[in-house]
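The structure appears right after this line, and notes come after that.
The values are calculated or read from the model by the stated rules, or taken from the named source; none is laboratory data. For clarity, every value in this text was computed on a predicted model and none was experimentally measured. Every residue, glycine as well, gets a Cβ built from its backbone with ideal geometry; the counts of neighbours run over all protein chains shown. Quick note on the areas: whole protein, heavy atoms, side chains included, nothing else; ligands and nucleic acids left out. Shrake-Rupley method; radii C 1.70, N 1.55, O 1.52, S 1.80 Å.
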Amino acid sequence: MNDFFNRVLVWIESTHLQQQVKDVDYAGLFTNPWFLVPFVALVVYLLYKQAFRDLIIVFIFIVVWWVSGTDYMHTLTVGGILQMNKLLPVIFGGVAVLALVIYMLFGRSD
């Protein structure tokens with residue numbers, strides 16, 4: 001089982017996914033009509049269907065994506081050493097967001 005996870009990690013590292021996410025041009029993405037038109041269409045459709053739960057989840061996804069690119073997140077590791085005093089707020093924030101999403105999906109009925 002450990003060999004399987006090692007192969008998966010090697011594959012993820014070979015795709016350079018972390019570097020690709022880090023190099024995303026946010027301003028270019030949100031001014032590109034090939035992204036913006038379907039995104040606006042999705043938001044308008046969710047508003048039309050009054051699917052506010054799904055709209056909030058999309059908004060949470062965008063906020064988490066934006067927060068992951070801030071300077072605070074880039075300073076979580078300094079010299080390859082994890083900064084625990086900066087990691088705890090990220091963990092608590094992640095737990096709060098996850099609890100909110102779980103509540104929205106399973107905790108209440110529409």
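For the chain, with every protein chain kept in place, what is the accessible area per residue (1.4 Å probe, Å²)?
Working: 9080 Å² over 110 residues.
Per-residue accessible area for the chain comes out at 83 Å².
Using every Cα-Cα pair within segment 56-110, state what percent have a distance larger than 17 Å. Present the calculation step by step, with values, prior to reporting the outcome.
Details: 705 of 1485 pairs.
Percentage above 17 Å: 47.
Under a point spin-label approximation (7 Å from Cα along Cα-to-Cβ), what is the Asp54-His74 distance to one decimal in nm?
3.6
Order these peptides, 69-75, 49-55, by their mean beta-carbon neighbour count within 10 angstrom, highest first. Mind dumping the intermediate values first?
On the way: 69-75: 10.4, 49-55: 13.0.
Sorting 69-75, 49-55 by mean packing, highest first, produces 49-55, 69-75.
Of Val95, Leu76, Phe39, which is farthest on the positive side of the dipole of the chain, counting Cα position, with +1 on Lys and Arg Cβ, -1 on Asp and Glu Cβ, and the Cα centre as origin?
Ranked along the dipole, the leading option is Val95.
Which of the helices in the chain, when you take each full DSSP H run, stretch at least 18 Å along the axis at their Cα atoms and have an average Kyte-Doolittle score of 1.0 or higher? Could the numbers behind the result be given before it?
Details: long enough: 2-15 (20 Å, 0.10); 33-48 (22 Å, 2.04); 52-67 (22 Å, 2.33); 84-102 (27 Å, 2.08).
Both cut-offs are met by 33-48, 52-67, 84-102.
Could you tell me the distance between the Cα centroids of segment 51-110 and segment 31-45, to the nearest Å?
Their Cα centres are 23 Å away from one another.
Would you work out which of Gly107, Phe4, Tyr48 lies farthest towards the positive end of the dipole of the chain, given +1 charges on the beta-carbon of Lys and Arg and -1 on that of Asp and Glu, about the Cα centre?
Gly107
Quick one: pull the percent of accessible area on the chain belonging to carbon and sulfur, 1.4 Å probe, ligands and nucleic acids left out.
Working: 6480 of 9080 Å².
The nonpolar share, carbon plus sulfur, comes to 71 percent.
Taking Cα pairs under 8 Å and at least six residues apart, what relative contact order does the chain come out at, in percent?
Values: 20 pairs, mean separation 17.4, N = 110.
In percent, rounded to a whole number, it is 16.
For the chain, what is the charge dipole size about the Cα centre, in debye to the nearest 20, if Lys and Arg each add +1 at the Cβ and Asp and Glu each add -1 at the Cβ? Mind showing how you got there, number by number?
Numbers: 6 positive and 7 negative charges, 55 e Å.
Taking the Cα centre of the chain as origin, the dipole is about 260 debye.
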